[in-house]
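Data first, discussion second: the structure below is written as structure tokens.
The values are calculated or read from the model by the stated rules, or taken from the named source; none is laboratory data. Because the structure is predicted, anything quoted here is derived from the model rather than measured. All Cβ positions, glycine included, derive from the backbone under ideal geometry; neighbour counts span all protein chains shown. For the accessible areas, the whole protein counts, side chains as well, though only heavy atoms, and no ligand, DNA or RNA atoms are used. Shrake-Rupley method; radii C 1.70, N 1.55, O 1.52, S 1.80 Å.
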Amino acid sequence: MKKIASIITIIILLSFSIFTLTVYADTLDAINVSIDKDKIHPGESIILNVAFGEDLGAYTVEVEYDSDLVKFDSAEGGSSNDTGDKVIITFYDTEGGSSPRNNMHVTFTANTEGITTSNPTQFKVTMRGMTSPDTHTNYDDITQPYTKSFIVEPQYEDYNIALDYDGKILPEQEKEMTITITSAMGKNYEHTRINANVTGPTESVVKLLGIDDDSIEHDIIQSGWGSDEGDPVGGEEVEKILNVRGLFSKIGTYALTLSLVDRDNADQVIATETFPILVTETTTQTPDNNEPENSNKGETEKDDSTKGETDKNNSQDKEQPEKMPDTGNMIYVSTICSILALVSMYAILKKKYL
């Protein structure tokens, strides 16, 4: 009887020991993977957060990334090992379950070189070796990656549209013009066109003519410029030049608006600019010294000559007052001489006839 009781006791103790050492398997259903932004520029940081939904005493998290676009910066929540395209973060609670973790995060920085376009990319997160703080529960490995997408792109600058030409614009005469679209760092668009519209004097007619690579002439005001599906634009130091000829039917002031539009987005305007244009009558240019044309130059010289003579006479008139006293004495002398001559003539005649 005692032997049977001893056997039962041993069985109970073994059963208890086995129960206490049993490790259960479970699944983490509340994992949440997130990023703090969905777009970054060169030199900017992005943080990947992983929340487990449970306290864990151990885990290994692997994060795959594109090293052409971002680089690993730091990790919080375990020791890290960067392989160049994957970061491996490992954690084990060395306090015997008293210091578990329920989250971790990894920081990456966008590369500063080679980023000239918008680059969609993503992080891929897998997990393994996860246990509860008391180590009694092992959680299933996460082999199907959690993915978080984001974009790495440069700091884009707006597109600028310029219209240049030389001299005056005359009615019914073609004027060579240049349309230039520029940007130091332009956002990439696969399909764009240039549209134009104009306002001006009543019943005026305006044409903006350009010849394409197939030697076909297009009026940009009527049909825009570029292929039907649109042309690509974007990148560093964008400079798109279009030589055109403008033709305006009437004298007056016009407003020409040029727009760059995105064909992939219902012709949404990317950049636009309005240019005032003055069409004037033909006028005779005068020399820089503001003298009349050569046909009038002789008369001018004649007028200058007459003016010189007049100035000379005026100069002489101004000298007259200095000689006035001499002129008065001469008058008195002439009078006296005349009287003496008459007296002498009278005496001679009297002596002769008397």
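Could you tell me whether any residue of segment 237-259 is in contact with a Phe, Trp or Tyr (Cβ under 9 Å, 6 or more places away or on another chain), farther than 26 Å from V206 by Cβ and either exposed (fewer than 10 other Cβ atoms within 10 Å of the Cβ) or modelled with pLDDT of 95 or more (or both)?
yes
Kindly provide the set of residues from segment 129-150 that are in a strand (DSSP E or B) and exposed (fewer than 15 other Cβ atoms within 10 Å of the Cβ), ordered by number. Before you say what the answer is, go through the steps one by one.
From segment 129-150, those in a strand (DSSP E or B) are 129-131, 137-139, 142-150; that's our starting set.
Scanning segment 129-150 gives T143, Q144, T147, S149.
Restrict the check to segment 109-122 and report whether at least one residue is among the small types (G, A, S), closer than 30 Å to P42 by Cα, in contact with a Pro (Cβ under 6 Å, 6 or more places away or on another chain) and open to solvent by less than 30 Å² (accessible area, probe 1.4 Å). Working first, answer last.
The first filter runs over segment 109-122 and keeps only residues among the small types (G, A, S), leaving 110, 114, 118.
If we keep only those that are closer than 30 Å to P42 by Cα as well, we get 110, 114, 118.
Now restrict to residues that are in contact with a Pro (Cβ under 6 Å, 6 or more places away or on another chain): 110.
Right, trim to open to solvent by less than 30 Å² (accessible area, probe 1.4 Å) and you get 110.
Scanning segment 109-122, I find at least one residue that is among the small types (G, A, S), closer than 30 Å to P42 by Cα, in contact with a Pro (Cβ under 6 Å, 6 or more places away or on another chain) and open to solvent by less than 30 Å² (accessible area, probe 1.4 Å), so the answer is yes.
May I ask you to list pairs of residues, at least six apart or on different chains, whose Cβ atoms are under 9 Å apart, with the first in segment 171-185 being at positive phi and exposed (fewer than 13 other Cβ atoms within 10 Å of the Cβ) and the second being in a strand (DSSP E or B) and aromatic (F, W, Y)?
E172/F248
Give the residue, chosen from D158, D134, that is at pLDDT 95 or above, out of contact with any Phe, Trp or Tyr (no Cβ under 6 Å at 6 or more places or on another chain) and not β-branched (V, I, T).
Details: D134 fails: at pLDDT 95 or above.
Every option except D158 fails the conditions.
Across segment 34-79, what is the number of residues that are of a type in the set (S, T, N, Q), surrounded by 14 or more Cβ atoms within 10 Å (Cβ to Cβ) and over 41 Å from the mean Cα position of the chain (by Cα)?
1
Could you please let me know if G129 is within 28 Å of the chain's Cα centre (by Cα) and at positive phi? First the steps, then the outcome.
Values: within 28 Å of the chain's Cα centre (by Cα): no; at positive phi: yes.
When the stated conditions are applied, G129 does not pass them.
Going through segment 203-225 one residue at a time, which ones are in a helix (DSSP H, G or I) and of a type outside the set (G, A, S)?
I220, I221, Q222
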